[in-house]
1. Just one of C:134, C:172 is among the aliphatic types (A, V, I, L, M) and under 28 Å from residue C:257 (Cα atoms); which is it?
2. Within the bounds of segment C:85-92, is there any residue that is at pLDDT 95 or above, closer than 22 Å to residue A:210 by Cβ and buried (at least 24 other Cβ atoms within 10 Å of the Cβ)?
3. Can you find even one residue in segment A:151-167 that is under 16 Å from residue B:134 (Cα atoms) and open to solvent by less than 10 Å² (accessible area, probe 1.4 Å)?
4. Given the condition under 26 Å from residue C:196 (Cβ atoms), assigned to a helix (DSSP H, G or I) and open to solvent by 10 Å² or more (accessible area, probe 1.4 Å), answer yes or no: does some residue in segment B:111-120 qualify?
5. State whether the residues of segment A:122-132 include one that is more than 7 Å from every other protein chain (Cβ to nearest Cβ), closer than 19 Å to residue A:36 by Cβ and among the hydroxyl-bearing types (Ser, Thr, Tyr).
6. Got a sec? Which helices (runs of 4 or more DSSP H) wholly within segment A:159-254 have at least 3 residues that are within 30 Å of residue A:33 (Cα to Cα)?
7. Restricting the first residue to segment A:14-25 and requiring it to be within 14 Å of residue A:179 (Cβ to Cβ), which pairs with a second residue that is open to solvent by less than 80 Å² (accessible area, probe 1.4 Å) and part of a strand (DSSP E or B) meet a Cβ separation below 6 Å and a spacing of at least six or different chains?
8. Could you figure out which of (1) within 18 Å of the chain's Cα centre (by Cα); (2) surrounded by 21 or more Cβ atoms within 10 Å (Cβ to Cβ); (3) without any contact (Cβ under 8 Å) to a residue 40 or more places away in the chain isn't true of residue C:6?
Amino acid sequence: MFSVKMSEELIRVFQLGDEDDRVHVIILTADPAAPAFCAGADMDEVVNGSALLGRKEDKEHEHRDPGGQVAMAIYNNRKITIAAVNGHASGTGATALQLPFDFRFIWAGAKVTFPFVRLSIVPESTSTYLLSRLIGESNAAYILFSGDGHKPDAPFLAGLYHKILPTRTEILPIAIEFAKNVAYNIGQVSYAYTKGLLHRSGASIEENHLLESRAIKIIGTSKDTVEGAQSFIKRRRPKYTDTLSENASSWYPWWKPLDVKKPKSKL
Amino acid sequence: MFSVKMSEELIRVFQLGDEDDRVHVIILTADPAAPAFCAGADMDEVVNGSALLGRKEDKEHEHRDPGGQVAMAIYNNRKITIAAVNGHASGTGATALQLPFDFRFIWAGAKVTFPFVRLSIVPESTSTYLLSRLIGESNAAYILFSGDGHKPDAPFLAGLYHKILPTRTEILPIAIEFAKNVAYNIGQVSYAYTKGLLHRSGASIEENHLLESRAIKIIGTSKDTVEGAQSFIKRRRPKYTDTLSENASSWYPWWKPLDVKKPKSKL
Amino acid sequence: MFSVKMSEELIRVFQLGDEDDRVHVIILTADPAAPAFCAGADMDEVVNGSALLGRKEDKEHEHRDPGGQVAMAIYNNRKITIAAVNGHASGTGATALQLPFDFRFIWAGAKVTFPFVRLSIVPESTSTYLLSRLIGESNAAYILFSGDGHKPDAPFLAGLYHKILPTRTEILPIAIEFAKNVAYNIGQVSYAYTKGLLHRSGASIEENHLLESRAIKIIGTSKDTVEGAQSFIKRRRPKYTDTLSENASSWYPWWKPLDVKKPKSKL
């Protein structure tokens with residue numbers, strides 16, 4: 001079950017992983033013998049006024065969706081993130097714990113449900129932002145407006161999952177194997193810049209060209225880039241040593257994230 | 001044939017359906033024995049100066065595309081909308097009468113054509129906005145730049161149709177069956193909010209988080225949300241009673257739609 | 001190999017093709033017997049400080065990625081553009097020389113690689129803008145974050161290629177055949193407007209409606225539109241005569257492209 005406490009713990013884990021140069025990958029998974037990967041919020045709590053839907057003392061504009069806080073901590077994380085979905089997933093289990101990740105691996109037998117409209121609540125965890133961006137608004141609309149559950153290979157989920165695997169127990173080992181293959185072969189700083197460029201692309205092709213150009217100039221003079229080219233020429237594995245804490249440059253992050261705690265304008 | 005008169009009637013129908021709490025679903029379909037679902041504009045009229053392309057007395061910036069007016073009336077409609085495309089579709093029949101709907105069901109034998117560049121006109125009915133959002137710019141470009149016709153299962157249309165069915169006569173009954181399953185099980189207000197969040201998502205993940213958080217707080221204290229959780233726990237069908245006219249809150253709609261009749265800036 | 005010199009030549013070719021009314025299509029291809037369609041930048045140069053990554057005398061914000069300059073020259077080109085990818089493609093060969101085109105045809109045996117993070121550089125040629133728009137952020141993330149190579153029919157590339165063909169030698173003839181079928185049957189001005197509407201769509205459905213309406217009014221009174229309707233009625237091939245240099249109207253282009261040479265704000 002997803003809870004406010006779990007949201008706080010997840011945010012802390014992803015913050016620690018983001019800040020510590022020694023962390024290259026964060027994989028989220030569940031016990032493959034558990035009834036589900038994550039079944040979402042506790043409906044008994046919802047009946048009695050769950051804090052997930054807002055504390056009673058908060059005014060309308062003061063609530064901050066815990067699932068959305070988790071989603072932002074993952075989406076804005078600068079490291080490799082993988083959701084290893086080894087069981088059924090519903091609600092936040094299908095949104096916060098999947099959509100903001102770089103890679104999504106899932107068990108073929110999982111049922112993935114976005115039940116919000118059927119429970120007369122609204123989709124959370126920034127899923128109304130992420131789902132359209134990830135797979136297009138046509139299928140995002142079907143998923144969110146019908147409230148149906150789907151198998152991972154359903155056409156409505158096309159493009160969402162990067163690997164669909166037959167057994168629950170193999171999801172994590174295969175995710176770890178994949179993670180090693182990526183993590184051992186990429187520059188930490190170049191990965192963070194690449195994520196930033198994809199997630200915070202320019203508003204036009206011209207603006208994006210300026211962002212990429214500056215990123216290329218910054219990264220292109222790094223030790224890691226020379227190491228990358230040399231290892232490519234010599235057909236050996238690269239040994240990247242640049243780190244986010246030492247080599248990210250003061251330009252990064254180039255975007256000004258909206259302060260969700262104290263936004264200047266009341267949305 | 002699509003005409004200015006048809007556009008006015010469609011807009012009126014969708015406005016009535018939007019305003020009347022008793023209306024839960026609007027399905028658009030055609031006579032399954034007709035030559036087409038909709039063949040688009042009358043080319044004889046175009047030769048003689050069709051009002052669809054602008055009245056002669058209008059200045060360049062004064063024309064308002066009737067297909068676009070229909071598309072906005074459907075896209076901004078707060079109820080469940082379904083296009084039951086039971087025949088061939090071309091021009092506005094493929095754009096205004098399909099793209100702005102929540103769900104698109106189609107006959108497998110239909111030919112879907114976006115012929116604009118081949119007729120030396122430009123795509124209308126906000127299709128240059130909707131098609132990219134719905135299925136991505138790569139296939140939208142192929143469809144709009146080639147002017148070709150496609151069967152619904154063509155790879156260029158991947159993701160556009162939610163059900164592709166073998167016979168013309170079954171489209172409407174299956175759409176009605178689907179509509180009932182959704183309409184009987186969703187909260188009217190939560191559905192409208194969900195549509196708004198998907199169609200008017202924030203410009204960034206942070207902004208979207210604020211929009212969702214406020215929507216969650218508003219909806220989360222409604223009678224329908226308690227009913228949703230209780231019916232879930234008791235595994236019974238929910239009995240939702242909240243209505244848009246009584247329970248939508250003054251915050252909704254949170255976006256300020258551009259006034260297309262008198263836009264402040266001349267685009 | 002992609003080089004600064006090649007980028008300058010490509011930009012010149014696409015500028016000439018854009019300006020000359022007699023040019024209807026630009027197809028980019030390679031020698032089908034060459035080792036690759038394009039293998040990207042020369043890694044030996046990167047080790048020694050390639051100008052592709054910025055000249056040493058340039059300040060951080062002064063670099064302009066040559067691949068991005070090529071991508072903009074192609075994306076903003078008003079004519080039909082086709083990438084006929086008849087060999088392996090990596091780096092700029094997969095980005096600048098493919099993504100900004102209207103149509104992408106490829107050899108089924110080609111290996112397409114976006115190796116940036118594995119070389120500890122960042123994706124260039126506006127690929128962090130284009131790839132998400134073209135096929136969605138979920139697969140764009142997989143492609144750019146993993147640095148893996150893919151065959152054209154890999155699920156991660158779904159929607160990117162419009163034709164996947166079995167032999168290297170047939171790509172160009174089939175691209176030419178396709179190009180003729182489109183070019184002989186479209187109005188040059190309506191095509192350019194359609195590209196503009198898709199690439200520079202409004203920020204909302206309402207704004208897009210205003211843009212399309214004005215484009216419809218301008219194009220709808222042209223000789224070519226009457227010819228289009230008449231040829232449709234008489235079921236004959238149209239003879240379009242309007243040209244971009246004579247008939248594009250002063251409204252076009254309606255967007256104000258950011259001046260990437262001297263942007264007002266330092267991004």
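The values are calculated or read from the model by the stated rules, or taken from the named source; none is laboratory data. What you see is a predicted model; the values in this text were computed from it and never measured. Cβ: placed from backbone, ideal geometry, glycine included. Neighbour counts: every protein chain shown. Note: accessible area is taken over every heavy atom of the protein model, side chains too, but ligands, DNA and RNA are not part of it. Shrake-Rupley method; radii C 1.70, N 1.55, O 1.52, S 1.80 Å.
1. None of the other options fit; the residue is C:134.
2. yes
3. Checked against the condition, which is being under 16 Å from residue B:134 (Cα atoms) and open to solvent by less than 10 Å² (accessible area, probe 1.4 Å), segment A:151-167 yields at least one hit.
4. Yes - at least one qualifying residue is present in segment B:111-120.
5. Checking segment A:122-132: at least one residue is more than 7 Å from every other protein chain (Cβ to nearest Cβ), closer than 19 Å to residue A:36 by Cβ and among the hydroxyl-bearing types (Ser, Thr, Tyr).
6. By residue number, A:171-183.
7. These pairs meet every condition: A:17/A:26; A:25/A:80.
8. (2)
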